[in-house]
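A.B. asks: Sending over a structure as structure tokens; questions will come in a sec.
The values are calculated or read from the model by the stated rules, or taken from the named source; none is laboratory data. Quick caveat, the model's predicted, so the values are computed rather than measured. Cβ placement follows ideal geometry from the backbone for every residue including glycine, while neighbour counts extend to all protein chains displayed. Ligands, DNA and RNA are excluded from the accessible area calculation, which covers all protein heavy atoms including side chains. Shrake-Rupley method; radii C 1.70, N 1.55, O 1.52, S 1.80 Å.
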Amino acid sequence: MPPPFAALTPDAILDAVESLGLRASGSLLALNSYENRVYQIGIDDAPPLIAKFYRPQRWSDAAILEEHAFSLALAEREIPAVPPLLLRGQTLHHHGGFRFALFERRGGRVPELDRADTLQWIGRFLGRIHALGRTEVYQHRPVLDLQSFGREPAAFILAGDWLPPELAPVYRGVVEQALDGVARCFERAGNVAALRLHGDCHVGNLLWTDAGPHFVDFDDSRSGPAVQDLWMLLSGEREEQSRQLAEVLAGYEDFCDFDLRELNLVEALRTLRLIHYSAWLARRWHDPAFPVAFPWFGSSRYWEEQILGLREQIALMDEPPLWSN
């Protein structure tokens, strides 16, 4: 199987942009992205644009267009998401066997998550995102749940030749115990609502300017519990995470109610992310960018760290949830 982006040469990238009637200056800068390929493209007599070329066979066109529609609806309500540009009546374009979209270039810095006012500000915008996210459901994008983010990725890892033989039975036992812990967390949370999420709301996708935060890269947007977009903002010891959560929710609940039962899912979602991340690396290993960027994947040390991390999560999932009050 040829690498997924083997035909995406600089000439192919510039040709794709110019197929939309734009005049590229020839300036092209690759940005930090592995799932897709993202470039800053110089445009004659205009600011540079960002071009995202989607990984083949990951999303259907319908799934990409659902995400585009969500981010466009957010921007129309002056919620600071960065939507794709509408060019020639479309946001998703095809050229040379690739699908791509263009975006305005938006700068920013990493937010200062140790500041109460920053956390409240982010919380207000997340509340507005989720208030809109609740109004419709995705038809073509998956739900973040135990099966899709836990059991299926774990089965994929265990069915392949990714683990050193001496660690495979250890990982199997630990991941099964971890998934049982996740299931108990979901049982404690009960029947919480699933809504359209950003899906990958870490600080790399949250840029700060003097005007406040803006949210980029909705590529992982899917349906799931609201707390998925909150827990990655939390760090440090339990007391510090509780304080951070209280500040985020103080802003969030100005625009959207939060179901406190979802706090039972914080460590469960963190556990699912650990399992899903390993499977993501394994699935992408045929892409030459991945062995270069992640040379430690598959080593004994990597899997020993994963086993240790899952054991820590097993203990954390049995602790009472964080409370904001």
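A.B. asks: Give me the one-decimal nm value for the distance between modelled label points at residue 135 and residue 86, 7 Å along each residue's Cα-to-Cβ direction.
C.D. replies: Distance between the two pseudo-spin positions: 1.5 nm.
A.B. asks: In whole angstrom, how far apart do the alpha carbon centroids of the range 252-290 and the range 172-209 sit?
C.D. replies: Centre-to-centre (Cα) distance: 5 Å.
A.B. asks: Can you send over the carbon and sulfur percentage of the accessible area for the chain, probe radius 1.4 Å, protein chains only?
C.D. replies: Values: 7890 of 15170 Å².
The nonpolar share, carbon plus sulfur, comes to 52 percent.
A.B. asks: Shifting gears a bit: Got a sec? Charge dipole of the chain, +1 on Cβ for Lys and Arg, -1 for Asp and Glu; which of 123, 228, 135 is way out at the positive end?
C.D. replies: 135
A.B. asks: Between residue 148 and residue 15, what is the FRET efficiency for a Förster distance of 30 Å, r being their Cβ-Cβ separation, to the nearest 0.05?
C.D. replies: 0.25
A.B. asks: Let me ask something else. Might you report the magnitude of the Cβ-based charge dipole of the chain about its Cα centre, with Lys and Arg at +1 and Asp and Glu at -1, to the nearest 20 debye? Walk me through the intermediate numbers first.
C.D. replies: Details: 31 positive and 45 negative charges, 123 e Å.
In debye, rounded to 20, the chain gives about 600.
A.B. asks: Give me the percent relative contact order of the chain, please, defined on Cα pairs under 8 angstrom at least 6 residues apart.
C.D. replies: So the answer I get is 20 percent.
A.B. asks: Next question. Counting only heavy atoms of protein chains, what accessible area per residue, in Å², does the chain have with a probe of 1.4 Å? Don't skip to the answer; put the middle values down first.
C.D. replies: On the way: 15170 Å² over 325 residues.
I get 47 Å² per residue for the chain.
A.B. asks: Rounded, prolate or oblate: which fits the range 133-224 when a ≥ b ≥ c are the square roots of the eigenvalues of the alpha-carbon gyration tensor, with rounded for a/c under 1.5 and prolate only if a/b beats b/c?
C.D. replies: Prolate.
A.B. asks: Whose amide H sits under 5 Å from the amide H of residue 55, counting only residues 5 or more places off or on another chain, with H placed in the peptide plane?
C.D. replies: Answer set, sorted by chain and number: 37.
A.B. asks: Let me make sure I get this right: for the range 39-99, a, b and c are the square roots of the gyration tensor eigenvalues over alpha carbons, sorted descending. Under 1.5 in a/c it's rounded, otherwise prolate if a/b > b/c, else oblate. Which is it?
C.D. replies: Oblate is the answer for the range 39-99, as a/c is 1.5 or above yet b/c matches or exceeds a/b.
A.B. asks: Then there's this: Which ³J(HN,Hα) values, rounded to whole Hz and listed in residue order, are derived for the range 264-274 from phi using the Karplus coefficients 6.51, -1.76 and 1.60 in 6.51 cos²θ - 1.76 cosθ + 1.60 with θ = phi - 60°, glycine and proline given as x?
C.D. replies: 5, 9, 4, 6, 5, 5, 5, 5, 4, 5, 4
A.B. asks: So, one more: Over what distance in Å are the Cα centres of the range 78-116 and the range 3-26 separated?
C.D. replies: So the two Cα centres are separated by 18 Å.
A.B. asks: Once phi is turned into ³J(HN,Hα) by the Karplus curve 6.51 cos²θ - 1.76 cosθ + 1.60 with θ = phi - 60°, what whole-Hz value does each residue of the range 106-121 show in order, with x for glycine and proline?
C.D. replies: 10, x, x, 10, 5, x, 8, 6, 8, 9, 4, 5, 5, 4, 5, 4
A.B. asks: Something else now. Report the extension gain between residue 296 and residue 6 in nm, rounded to one decimal, defined as 0.36 nm multiplied by the number of residues separating them, less their alpha carbon distance.
C.D. replies: The residue 296-residue 6 span can extend by a further 102.1 nm.
A.B. asks: Could you list which residues have their amide H under 5 Å from that of residue 81, counting only those 5 or more apart in sequence or on another chain, with H placed in the peptide plane?
C.D. replies: Residues meeting the amide H criterion: 75, 215.
A.B. asks: Hey, can you grab everything whose amide H is under 5 Å from the amide H of residue 43? Only 5+ residues off in sequence or another chain; H modelled, so Pro and N-termini drop out.
C.D. replies: Those qualifying (amide H under 5 Å, at least 5 residues apart or on another chain) are 25, 49.
A.B. asks: So, in nm, how far is label residue 308 from label residue 203 when the simple model puts each one 7 Å beyond its Cα toward the Cβ?
C.D. replies: Distance between label points: 2.2 nm.
A.B. asks: While we're looking at this one, here's another question. Go ahead and estimate [θ] at 222 nm for the chain from helices alone: -39,500 (n - 2.57) per DSSP H run with n ≥ 4, summed, over the residue count, rounded to 500.
C.D. replies: Computed mean residue ellipticity for the chain: -13000 deg cm²/dmol.
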